[in-house]
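The structure under discussion appears below in the form of structure tokens.
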Amino acid sequence: MENHTGTASQLKAAKLAGLLYLVAMATGLFAEFYVHFPTRLIINGDAAKTAANILANERLYRIGIANNIITFAIDVALIWALYVLLRPVNRSLALLAVFFRMIETGLACVAIISYYVAMQFVSDADHTKVFDPVQLQALSVMHYNYALTFNVVAIFLGFGSAIFNYLLLRSKYIPRVLAVWGIFSSLLLLLSQFAIIIFPDAEKTMIPACYAPIVIDEITLGAWLLLKGVSIRVDA
């Protein structure tokens with residue numbers, strides 16, 4: 001790769017973005033696959049069992065919520081770092097990517113609020129005095145709002161990520177193959193979410209296929225930015 005003229009702030013932003021990609025991926029995967037993985041706490045189609053799981057694993061559940069909040073806070077810093085890095089390439093497109101990613105993060109926070117409220121209804125002793133068991137168990141259905149909201153979250157993530165990766169491709173700051181893979185995995189994610197909305201029965205087979213490429217992309221891109229950096233030459 002040839003070196004391109006840039007600023008010291010871009011170099012720092014690239015390193016920071018790389019670190020944040022990896023940290024956010026670690027916390028995000030922990031929250032989703034260790035704490036909230038359906039076979040552990042959330043039982044699709046069985047609100048009563050879900051409520052029982054929450055009561056039996058309340059501390060783990062709370063850790064998962066806190067972990068998700070940390071992940072979304074990291075995402076905000078990551079979005080800012082990517083904007084600083086790619087603003088010189090095309091400010092308008094960089095801003096558009098920021099808007100898509102901030103909508104993603106905002107919707108994700110709304111989903112977490114639904115999770116937290118559902119937990120409070122199920123686990124709070126005061127609520128058990130107000131709602132009968134059937135009503136109490138029905139409140140755990142709020143958890144499904146989380147999954148449905150994240151279909152929309154993934155669409156905005158896909159749009160924002162595709163634009164950021166397009167700017168990386170255009171800038172030639174990183175190897176072309178990384179940027180192209182990022183665009184592919186981002187578009188695959190957002191298109192698959194539209195497909196799931198239209199054909200919900202396909203969700204179980206499509207989720208691993210649509211998320212695996214972008215997980216690989218973000219881990220690889222994060223490691224490259226952190227360890228290798230970007231091909232920018234800062235003039236004295």
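The values are calculated or read from the model by the stated rules, or taken from the named source; none is laboratory data. Worth saying up front: this structure is predicted, and the values here are computed from it rather than measured. A quick note on method: Cβ atoms are made from the backbone with ideal geometry, for glycine too, and the neighbour counts reach across all protein chains shown. Keep in mind that these areas ignore ligands, DNA and RNA; they rest on the heavy atoms of the full protein, side chains included. Shrake-Rupley method; radii C 1.70, N 1.55, O 1.52, S 1.80 Å.
Could you sort the peptides 222-232, 199-209, 10-20 by per-residue average Cβ neighbour count (10 Å cutoff), highest mean leading?
10-20, 222-232, 199-209
Lys and Arg at +1, Asp and Glu at -1: add these up for the other residues within a Cβ distance under 11 Å of Ile79 and post the number.
Neighbour charge sum, excluding Ile79 itself: -1.
Among the lysines, which have Cα under 19 Å from the Cα of Lys172 when same-chain residues fewer than 8 positions away are ignored?
Lys12, Lys15, Lys228
Name the long-range amide H neighbours of Ile232: under 5 Å, sequence gap of 5 or more, or other chain; modelled H, no Pro or chain starts.
His4
Roughly how many nanometres apart are two label points built 7 Å out from the Cα toward the Cβ at Ile70 and Phe33?
Each label point lies 7 Å from its Cα, and together they span 1.8 nm.
How many Å² of accessible area per residue for the range 66-125, probe 1.4 Å?
Heavy-atom SASA per residue in the range 66-125 reads 42 Å².
Put a dot 7 Å past each Cα toward the Cβ at Asn57 and Arg91; how far apart are the dots in nm?
About 4.9 nm, to one decimal.
Can you give the net charge of the other residues whose Cβ lies under 14 Å from the Cβ of Ala94, counting K and R as +1 and D and E as -1?
On the way: positive: Arg87, Arg91, Arg101, Arg170; negative: none.
Taking every other residue near Ala94 into account, the sum is +4.
Calculate one ³J(HN,Hα) per residue across the range 209-223 by plugging θ = phi - 60° into the Karplus curve 6.51 cos²θ - 1.76 cosθ + 1.60, and present them in order as whole Hz with x for glycine and proline.
5, 8, 8, 4, x, 6, 5, 4, 4, 5, 5, 5, 5, x, 5
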